[in-house]
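The structure under discussion appears below in the form of structure tokens.
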Amino acid sequence: MRRTRLRQVSPRRAASTDGPLWSTLTRTPFQPSAVAGVQATRPPLRQVSEKRAAENRQRAALLARLRAERPSCEARFAFADVTCCGPLDGHEPLTRARGGSVLDPDNIRMICRAHHDYIHEHPALATALGWLRPSGGGAR
Ligand SMILES: [Zn+2]
């Protein structure tokens, strides 16, 4: 059952406050349908589609495998002035937004969070060095 802070108001204090809306809220958990003029809420929208959820599960399994196969940051020598830090992320040189697959191991580099951030903060340099690819399938 959903609890509200309003339920914690003492009965005496609640009784001292006039009005049907207030007494409704102090006696029962908040239910929008109980308040005149407010429609009952719908269930929240799904955050991701079934298809994307399935893809995310496949990707999580793939990244777990790749972390075991490639346990060191692959960008540590490409950007030597950046110190490796954080967990290994899967980085796609050809991003999903540019048509890349997030499930293709050949399109995934295992890099630390610091290098991942650096690459996306310096797209021109990262593109020149092959760590980001423009859409259209340029060879890496
Ligand atoms: Zn790194």
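Computed values, structure above
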{"item": "Placed amide H near LEU132: partners under 5 Å, 5+ positions off or other chain", "result": "THR127"}
{"item": "Label-point separation, ASP104 to HIS122 (7 Å along Cα→Cβ), nm", "result": "2.6 nm"}
{"item": "Additional length obtainable on full extension of the chain from ALA54 to ALA97, 0.36 nm per residue less Cα span", "result": "13.7 nm"}
{"item": "Distant-in-sequence amide H partners of ASP89 (H built 1.01 Å from N, under 5 Å)", "result": "ILE111, CYS112, ARG113"}
{"item": "Loop chymotrypsin sites (Phe, Trp or Tyr not before Pro), segment 51-140 (other Cβ atoms within 10 Å of the site Cβ: 10 or fewer; DSSP)", "result": "PHE77"}
{"item": "Sorted peptide list for 110-117, 86-93, criterion being average Cβ within 10 angstrom, highest first", "result": "110-117, 86-93"}
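Here, each number is a calculation from the coordinates, and none is a lab measurement. Keep in mind that what you see is a predicted model, and the values were worked out from it rather than measured. Here the Cβ is made from the backbone with ideal geometry for all residues, glycine too, and neighbour counts use every protein chain on show.
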